[in-house]
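What follows is a set of notes on a single structure, which appears directly below.
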Amino acid sequence: MALAASCGGGGAGPCPLLLPVLLLFVPGLAAGPSGMLQPRDTPSRERRELGGLWSFRADLSPGRDAGFAQRWYRRPLRQSGPVIDMPVPASFNDITQDPGLENYIGWVWYEKEVLLPPRWLRGEPAPRLVLRFGSAHYYSIVWVNGVQVVEHEGGHLPFEADISSVVQGSPDALCRITMALNNTLSPHTLPPGSIQYMSDKSRYPKNYFVQNTRFDFFNYAGIHRPVVLYTTPAAYIDDITVTTTSSDNVALVQYQVSVVGSTAYSLSLSLRDQQGKVVATGDGPVGELKVLNPNLWWPYLMHENPGYLYSLEVRLQAQVGGVLLEDVYPLPVGIRTVHVTSSQFLINGRPFYFHGVNKHEDADIRGKGLDWPLIVKDFNLLRWLGANSFRTSHYPYAEEVMDLCDAYGIAVIDESPGVGIKLPESFGNRSLQHHLAVMEELVRRDKNRPSVVMWSVANEPASELPPAAHYFKTVIAHTKALDPSRPVTFVTDANYALDRGAPYVDVICVNSYFSWYHDPGHLEVIPLQLTAQFEDWYKTYQKPIIQSEYGADSVPGLHTDPPMMFSEEYQQALLRQYHSVLDKKRKEYVIGELIWNFADFMTNQGTTRVLGNKKGIFTRQRQPKAAAFVLRDRYWRIANESSCLPPVITSHSLFL
């Protein structure tokens, strides 16, 4: 097991992540560098979601190691001691009335017993059966029927295991899935953190520790996204990579397909438009499709038909043991190009201005758990607002969210969980290697999405530190090697003259909170300070700039005149001061503005946070504050100025 990660911090005592554990593990079942195609129902594949109630138990032993010492995975979890029902997907923190679980750090255990359909277990050759987790935060170990099948580090990306050999031949077709999940963060995790033991026995109980982090959102934990069992034939389509170009009413769709399970196979591909008409065909594992008069993928409010998606059907025929097998996989494809100049961001050759938001996966009770009503509500609010983009602050979002971005034409800056990289030890080789692996996982998952127009490798790191130069040069170069088709950035709050990572980005993304964290209450300094910020960065780097965060907290219903901090009026006034400068600079080299934040969200408790961060223009329950109407008027005005559509676009059209 690769669990020997330093928790950081001072004091003595057992670290919840440091466990001398010997586990039963079957070689060849670990997650490898294979493709990570999103599970879909097709003529050759079946999927079954395992959401609902799972058995749950937190390991409350002093070292958090009882579950491993007693091998809870070897038998039904209920036989190990008391269990409770836990909904999946959801964070476990806010589900019960137990404050100890709200702030729990260490190992928790989940279990689900599933009866498998007989057709999944038979056949010559039998189908391949895969267990997939959309995400679980943070470190996961999974067993099926007492056999370890996969281990994964990271809380925001999918992982899976082929469990065919474990379950096929089982006399009762029972599949008992057990997960041990640890939310401990160390200086080398993404995001980083540290465990601090409190050694003063006059103030703290024995072995008392806390989790310290350098980011301003609650470290929710649990199985946050759907758990799926899915099948493929024994020979199957493992991965598809698509890139697109277009010019002069002709588009080229370059593709590369990898196949596993057979060397005697044929591949055929067909590209269909939204009416089901085949517009191009191809064959073989590598090639390109030519599309005449293509419907391009455009962002919302940039075209009367935004988010246009073709369907690329990949069909495999393969011989396995004298049997002819077929696998079919449909991939949504958007045809679009992205290009960055010294002062513009171009989509399909036209200047694009990001008028959007930063978000969080965060809501009452469910925490970071995927929730369809909330997702759909958020997209309706985005379109009501006139937002054409968002950044996945500060981690990759669920695939279900990204699907809607593709379909609705919402441009995405796709960000890794590299937030809170502040300590010098978090820039070492161990952290760097993990960061490179995370970018591989992220690009592998989202590489084919037209909505993803830029990668962000980090948010507000200590990029002024000397090791940051090598660190970000390496991470950015690695990301560009994985995907040469998209620009790469990270989001900085460092001084322009000291930032050691900025030379390697394609777009400068700057966070600033003038008149909030700096000169609080003094709105009059914003024009001078913001203008200087833009001019200093552009003079130094000659690269386009996005105001990637700005904003102010406001308590709903708190009103003051003249505006004072935390009132709705102050939030409105601060936004207007920023907008006055942005309106000047967007005519030059500023290519976007992303408000912080779309909605209020939970944070750790502290004297500066009253039930979370209140910088949302919507409440946590998605009700608008006064600032939402300021931003809505602005975004629709910008859309009407830059759109090729007639100026009849209003905030009530296109999506109602």
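The values are calculated or read from the model by the stated rules, or taken from the named source; none is laboratory data. Just so it is clear, the structure is predicted and the values come from calculations on it, not from any experiment. Neighbour counts are summed over all protein chains in view; Cβ atoms, including those assigned to glycine, are modelled from backbone coordinates with ideal geometry. We work out accessible area using only protein heavy atoms, side chains counted, and drop any ligands, DNA or RNA first. Shrake-Rupley method; radii C 1.70, N 1.55, O 1.52, S 1.80 Å.
Less than 25 Å apart at the alpha-carbon level, and either on another chain or at least 8 residues along: which lysines does that give for Lys368?
Result set, ordered by chain and number: Lys112, Lys359, Lys377, Lys422, Lys447, Lys614, Lys615, Lys625.
Net charge around Ile365, counting only other residues with Cβ within less than 13 Å of its Cβ (Lys, Arg = +1; Asp, Glu = -1)?
The answer is -2.
Distance between the C-alpha centers of the stretch 40-100 and the stretch 207-265? Whole Å please.
24
For the stretch 102-181 and the stretch 492-529, what is the separation of their C-alpha centers, rounded to whole Å?
Between the Cα centres of the stretch 102-181 and the stretch 492-529 lies a distance of 45 Å.
Hey, how many Å between the Cα centroid of the stretch 434-488 and the Cα centroid of the stretch 315-371?
16
Modelling each spin label as a point 7 Å along the Cα-to-Cβ direction, I'd like the Arg622/Gln529 distance in nm, to one decimal.
Inter-label distance under the simple model: 3.4 nm.
Relative contact order (percent) for the chain, with alpha-carbon contacts under 8 angstrom and 6 or more residues of separation?
Rounded, it is 12 percent for the chain.
Only four residue types carry charge here, +1 at the Cβ of Lys and Arg and -1 at the Cβ of Asp and Glu. Report the dipole size of the chain about the Cα centre in Debye, rounded to the nearest 20.
For the chain, the charge dipole is close to 420 debye.
Using the Cα centre of the stretch 236-333 as the reference point, and only Cβ charges (+1 on K/R, -1 on D/E), how large is the resulting charge dipole? Debye, rounded to the nearest 20.
140
Which of the three applies to the stretch 338-641, rounded, prolate or oblate, going by the alpha-carbon gyration tensor with a ≥ b ≥ c and a/c under 1.5 meaning rounded?
In terms of gyration-tensor shape, rounded.
Sum up the charges of everything whose Cβ sits under 15 Å from the Cβ of Gln70, counting Lys and Arg as +1 and Asp and Glu as -1, but leave Gln70 out. Please list the in-between numbers first.
Numbers: positive: Arg57, Arg64, Arg71, Arg74, Arg75, Arg78; negative: Asp59, Asp65, Glu111.
Local charge sum for Gln70: +3.
Given the whole protein assembly as supplied and a 1.4 Å probe, what does the accessible area of Tyr408 come to in Å², nearest 10?
Around 70 Å² of this residue is reachable by solvent.
Taking the Cα centre of the stretch 236-333 as the origin and placing charges on Cβ (Lys, Arg +1; Asp, Glu -1), which of Gly261, Gln317, Gln275 is farthest toward the positive end of the dipole?
Of the listed residues, the answer is Gln275.
Over the stretch 236-333, calculate the relative contact order: mean separation of alpha carbon pairs under 8 Å at least 6 apart, over the residue count, as a percent.
Answer for the stretch 236-333 is 28 percent.
Can you check what the net charge comes to around Val291, using other residues whose Cβ is under 13 Å from the Cβ of Val291 (Lys, Arg +1; Asp, Glu -1)?
+1
Among the lysines, which fall within straight-line cross-link reach of Lys539, defined as a Cα-Cα distance under 18 Å, with same-chain neighbours fewer than 8 residues apart omitted?
List returned: Lys584, Lys585, Lys587.
If you take the charge dipole of the chain about its Cα centre, with +1 on Lys and Arg Cβ and -1 on Asp and Glu Cβ, which of Asn249, Leu296, Leu121 is farthest toward its positive end?
Looking along the dipole axis, the top candidate is Leu121.
Met564 accessible area, nearest 10 Å², 1.4 Å probe?
Met564 has an accessible surface of roughly 120 Å² with all protein chains in place.
For the stretch 338-641, what relative contact order do you get, as a whole percent, if you take Cα pairs closer than 8 Å and at least 6 residues apart?
20
So, taking all protein chains as they sit and a 1.4 Å probe, how much accessible area belongs to Ile546, in Å² rounded to tens?
Ile546 has an accessible surface of roughly 0 Å² with all protein chains in place.
Name the residue farthest towards the positive end of the dipole of the stretch 338-641 from the options Ser431, Ile638, Val340, assuming +1 on Cβ of Lys and Arg, -1 on Cβ of Asp and Glu, about the Cα centre.
Of the candidates, Val340 comes out farthest on the positive side.
Let me check something: with ligands and nucleic acids excluded, how do Lys447, Lys377, Lys539, Lys422 order by accessible area (1.4 Å probe), largest to smallest? Intermediate values should be presented prior to the final figure.
Values: Lys447 35, Lys377 90, Lys539 165, Lys422 55 Å².
Sorted by accessible area, descending: Lys539, Lys377, Lys422, Lys447.
Helix-only mean residue ellipticity at 222 nm, the chain, DSSP H runs n ≥ 4 weighted -39,500 (n - 2.57), per residue, nearest 500. What is it? Could the numbers behind the result be given before it?
On the way: 10 runs with 120 residues, N = 656.
Roughly -5500 deg cm²/dmol at 222 nm, from the helical runs in the chain.
Given (1) 110, 54, 23; (2) 39, 34, 22; (3) 48, 35, 25, which label gives semi-axes √(5λ) of the Cα gyration tensor in Å as computed from the coordinates?
Label (2) holds the value from this structure.
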